[in-house]
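Before any comments, here is the structure.
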Amino acid sequence: MVIVLDRVKELDRPIRPAELSIEQKRAEQAREKEFSALTPREHLQQAQSLLKLGSTQEAIDNGYRHLKAIPGTAPEATEATMLRSSFEQSLQLRDQQANAAIIPHGGDDKRRQALALAFEEVLRQQGHEVSVSATSDQLWFDCSSALEPRSSCYAAYQSSKHLPSDLKAELRAVGITTLNFSPNGGMIPTWANNVK
């Protein structure tokens, strides 16, 4: 009888921190299992929803975690890299504007050049020898120095068809309407993509 009463008392008592820890671990394991089961496309979608100006630091950290989970060989890898670059550039631009009392004349030109450099950096990280420059309404992708200029330009062109909407909005905001891809370095593009 004493054993039964002791067992009832045990069930009645509050849960101790060590027991909460076990429940928390189980919940964390369940979240990790869910996270691991996501496809690269789902990771990209989660990152896109989390990596926005005004997001909390926790949301931003989770967004970066989703981007890191996308394998470099996945078709979404290019979009993930561009999303990260675009988001970081947006943060940098936001911080620069917040720190500047007056936005200097020609600010759009500086932003266009910054976008061109960001595109160039992303493409070079992916192994493409591409130089990117900006005019008042176009970004030019010059692939003439690549080992396989036509292949590099075509790969960059294909990637440009799937730009994140945030990046497209940024391009339009600075007046960029067209992305031109030239494997021979000339001013006549082999491929072009309108920024819609």
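The values are calculated or read from the model by the stated rules, or taken from the named source; none is laboratory data. On a predicted model such as this, the values are computed, not experimentally measured, just so you know. Don't worry about glycine lacking a Cβ; one is built from the backbone with ideal geometry, like all the others, and counts go over all protein chains shown.
Determine whether region 71-93 contains at least one residue that is farther than 14 Å from ASP166 by Cα and modelled with pLDDT under 80.
So far as region 71-93 goes, yes, one or more of its residues are farther than 14 Å from ASP166 by Cα and modelled with pLDDT under 80.
Can you name the number of the only condition in (1) within 11 Å of the chain's Cα centre (by Cα); (2) charged (D, E, K, R); (3) modelled with pLDDT of 90 or more that LYS33 fails?
Failing condition for LYS33: (1).
Of the residues LEU50, LEU38, LEU83, LEU67, which is more than 25 Å from ALA116 (Cβ to Cβ) and surrounded by 19 or more Cβ atoms within 10 Å (Cβ to Cβ)?
After applying the criteria, what remains is LEU50.
Could you list, in sequence order, all residues of region 70-80 that are in a helix (DSSP H, G or I) and crowded, with 18+ Cβ neighbours inside 10 Å?
THR78, GLU79, ALA80
Those residues that are more than 17 Å from ARG124 (Cβ to Cβ), touching a strand residue (DSSP E or B) at 6+ places or on another chain (Cβ under 9 Å) and assigned to a helix (DSSP H, G or I), I need them from region 159-178; list them, please.
Correct list: LEU171 only.
Restricting to region 142-180, name every residue that is acidic (Asp, Glu) and either in contact with a Phe, Trp or Tyr (Cβ under 6 Å, 6 or more places away or on another chain) or within 19 Å of SER131 (Cβ to Cβ) (or both).
Within region 142-180, ASP142, GLU148 meet the criteria.
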